[in-house]
Amino acid sequence: MNTDRSYLTAPLGTFVGHRVFVTRLPFMTNPKDLFAAFCHYGAVRSTKVIMANSGETRGYGFVNYSSENEARQLLYELSRKVIN
């Protein structure tokens, strides 16, 4: 499992409904890593990391929450974090 959690401080894209677009993922991130990083913000239904043919990520993915409110809460919580 990838222990680098730098994507928690990476800018997030917009969300559509219950789906959140996550950018700047480390190249070794897998769906379990994404789930572990974002399950603290709501009930995650699924995660998807977009992969290149090389087997590394393309640096982005999606987190699907149970509701739009949970997706909004994630963006609200992360927008309040101070990044050193």
Subject >> Neighbours by Cβ (under 7 Å, 6+ apart or cross-chain): first from region 24-41, on the phi < 0 side of the Ramachandran plot; second at pLDDT 90 or above and surrounded by fewer than 16 Cβ atoms within 10 Å (Cβ to Cβ) >> reply: Pro31/Lys48
Original post:
Taking region 30-82, which residues are of a type in the set (A, V, I, L, M) and closer than 19 Å to Gly17 by Cα?
Top reply: Leu34, Ala43, Val44, Val49, Val63, Ala71, Leu74, Leu75, Leu78
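Restricting attention to region 70-83, does a residue exist that is under 14 Å from Arg24 (Cβ atoms) and at pLDDT 90 or above?
Applying the first criterion (under 14 Å from Arg24 (Cβ atoms)) to region 70-83 yields 78, 83.
After this cut, where a residue has to be at pLDDT 90 or above as well, the list is none.
No.
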Original post:
Can you find even one residue in region 10-19 that is within 18 Å of Arg72 (Cβ to Cβ), touching a strand residue (DSSP E or B) at 6+ places or on another chain (Cβ under 8 Å), surrounded by 13 or more Cβ atoms within 10 Å (Cβ to Cβ) and at pLDDT 85 or above?
Top reply: yes
Original post:
Here is a list of conditions, (1) in a helix (DSSP H, G or I); (2) of a type in the set (Phe, Trp, Tyr); (3) in contact (Cβ under 8 Å) with a residue 24 or more places away in the chain, and Tyr60 meets all of them except one; can you say which number that is?
Top reply: (1)
Original post:
Among the residues of region 63-75, is there at least one that is among the small types (Gly, Ala, Ser), surrounded by 14 or more Cβ atoms within 10 Å (Cβ to Cβ) and in contact with a Gly (Cβ under 8 Å, 6 or more places away or on another chain)?
Top reply: yes
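The values are calculated or read from the model by the stated rules, or taken from the named source; none is laboratory data. On a predicted model such as this, the values are computed, not experimentally measured, just so you know. When we count neighbours, we look across all protein chains shown, and the Cβ atoms used for this are built from the backbone with ideal geometry, even at glycine.
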